[in-house]
1. Failed condition for Ser173, given (1) at pLDDT 95 or above; (2) among the hydroxyl-bearing types (Ser, Thr, Tyr); (3) open to solvent by 30 Å² or more (accessible area, probe 1.4 Å), with all others met?
2. Conditions first: (1) part of a helix (DSSP H, G or I); (2) over 26 Å from Asp68 (Cβ atoms); (3) aliphatic (A, V, I, L, M). Leu171 passes all but one, so which condition is the exception?
3. Need pairs with beta-carbon distance below 9 Å; first residue charged (D, E, K, R) and within the stretch 82-98, second modelled with pLDDT under 95; sequence gap 6+ or separate chains.
4. If the requirement is being at pLDDT below 95 and either β-branched (Val, Ile, Thr) or open to solvent by 40 Å² or more (accessible area, probe 1.4 Å) (or both), which of these qualifies: Ile321, Ile284?
5. Within the stretch 316-333, how many residues are free of Cβ contacts under 8 Å to residues at least 12 places away in the same chain and under 20 Å from Glu367 (Cβ atoms)?
6. Taking the stretch 22-39, which residues are crowded, with 21+ Cβ neighbours inside 10 Å and in contact with a Ser or Thr (Cβ under 9 Å, 6 or more places away or on another chain)?
7. Pick from the stretch 324-343 the residues that are charged (D, E, K, R) and farther than 19 Å from Thr261 by Cα: which of them is surrounded by the most Cβ atoms within 10 Å (Cβ to Cβ)?
8. State all residues of the stretch 362-410 that are surrounded by 12 or more Cβ atoms within 10 Å (Cβ to Cβ), in contact (Cβ under 8 Å) with a residue 24 or more places away in the chain and β-branched (Val, Ile, Thr); if no residue qualifies, say none.
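The values are calculated or read from the model by the stated rules, or taken from the named source; none is laboratory data. Small disclaimer: the values here were computed from a predicted structure and weren't measured. Cβ: placed from backbone, ideal geometry, glycine included. Neighbour counts: every protein chain shown. Areas reflect the complete protein model, heavy atoms only, side chains present, ligands, DNA and RNA absent. Shrake-Rupley method; radii C 1.70, N 1.55, O 1.52, S 1.80 Å.
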Amino acid sequence: MTLRKLTGRDARRLAISRQHLDEGVRPSLLDVIRDLGCVQLDPIRHVERTHWLALWSRLGNFDRAELDRLRWEERAVFEYWAHAASLVLTEEYPLHRWHMDLLADDTKSRFARSFKTWYEADKETLEPLQAHILERLRQDGPLLSREIEDNSGQPSRWSNGRNVNRLLDYLWSVGKVGVVARRGNQRVWGLLDDFLPDETPRERWDAEQVTSFAAQKAIRALGVATPGQIKKHFTRNVYPELTAVLDKLTAAGVLEQVEVTRQGRPLKGPWYLHTADIPLLEQIQAGDWHGRTTFLSPFDNLICDRDRTKLLWDFHYRIEIYVPQAKRQYGYYVLPLLHDDRLIGRMDAKMDRKSGTLHIHNLYAEEGVGEDTAVVQGISHAIQSLADFLEAQTVVWGNVPPVWSKVVRE
């Protein structure tokens, strides 16, 4: 059988388009989240919260109040595990419910076994505390963890003597409680069943339904993907019987196995393309594609699989938050720079909200990137867009490579 062929450039462009990082028409905020599948959450706000940055990269200066409305009023998205802790879609609740059930089953889940070992070792204390947490949320409504009484533990060097937080994390993972609001960046907890809207689908899926749905979602978000890349995407590492499901979807004509080449040589596969994206791929291969310039969150969906990023973009990226300052190569919080279908640089930046200043400590160009007016203009526009989104009054420049020196003057 002759496989459809994609170059590395085709694969990059397809992924960029499917994740709305090209110059195409901007969809609604909810449709962006639908196509991504999830948007990772992270507490670090060195530049901005990662979920806001990921959405800005695609939509520009979007209305954050609209996201709040989707989260807390319509409840069209909620917080749960995907790539990591993420915003996921309420309409896809059966998918996530299967994961909740898995994490409650100590015969199948390492997480559940670890929790059971801890819980059983002090069951006399923890069982009534867990019941107390659920009763407080039932009787009093949403609460911060600190508002729930807990004198169950012994203070130590590592703990303040409270077990509420670990119990809440477990109850969240198994779907008993959920994050129903935020006070600043603090989670407000409530009963998940009370939070989810009436129209939430409640049916239970089996393992094949879960993998079939999640694999298709991951492949479409990635454009084309290998089984290993699928496993690292969307519902990370939650793809039971993936090989059998991929074979079944391919036989049914939902997926097509393709070949991806780099410098004329096939990359190790198999690679899968969703047949719904064949028209888009053919459009790209016909030359009808337009990219743009933007910066990406360190946790952006496009680059969250570091090995795939290296393979297709030839871009080595590791976040250096936990690297001692003296050993950092690029900086504490570095945003990769996407221009057209290439990752051509990175920016080490910090937003000082007290002074309203966006500090660009360092702008780095990848090796071999030359001087280009379109690139300079694209970078200038992207930085101005980011500054507007952050409501920065001033941009203070640090080191800029000579090849992009005109960016500062744009």
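1. (3)
2. Of (1) part of a helix (DSSP H, G or I); (2) over 26 Å from Asp68 (Cβ atoms); (3) aliphatic (A, V, I, L, M), only one is false for Leu171: (2).
3. So the pair list comes out empty.
4. Among Ile321, Ile284, only Ile321 is at pLDDT below 95 and either β-branched (Val, Ile, Thr) or open to solvent by 40 Å² or more (accessible area, probe 1.4 Å) (or both).
5. The number of residues fulfilling the criteria is 3.
6. Answer for the stretch 22-39, where residues must be crowded, with 21+ Cβ neighbours inside 10 Å and in contact with a Ser or Thr (Cβ under 9 Å, 6 or more places away or on another chain): Gly37, Cys38, Val39.
7. That would be Asp340.
8. Val369, Val375, Val376, Ile379, Ile383, Val395, Val396, Val400, Val403, Val407
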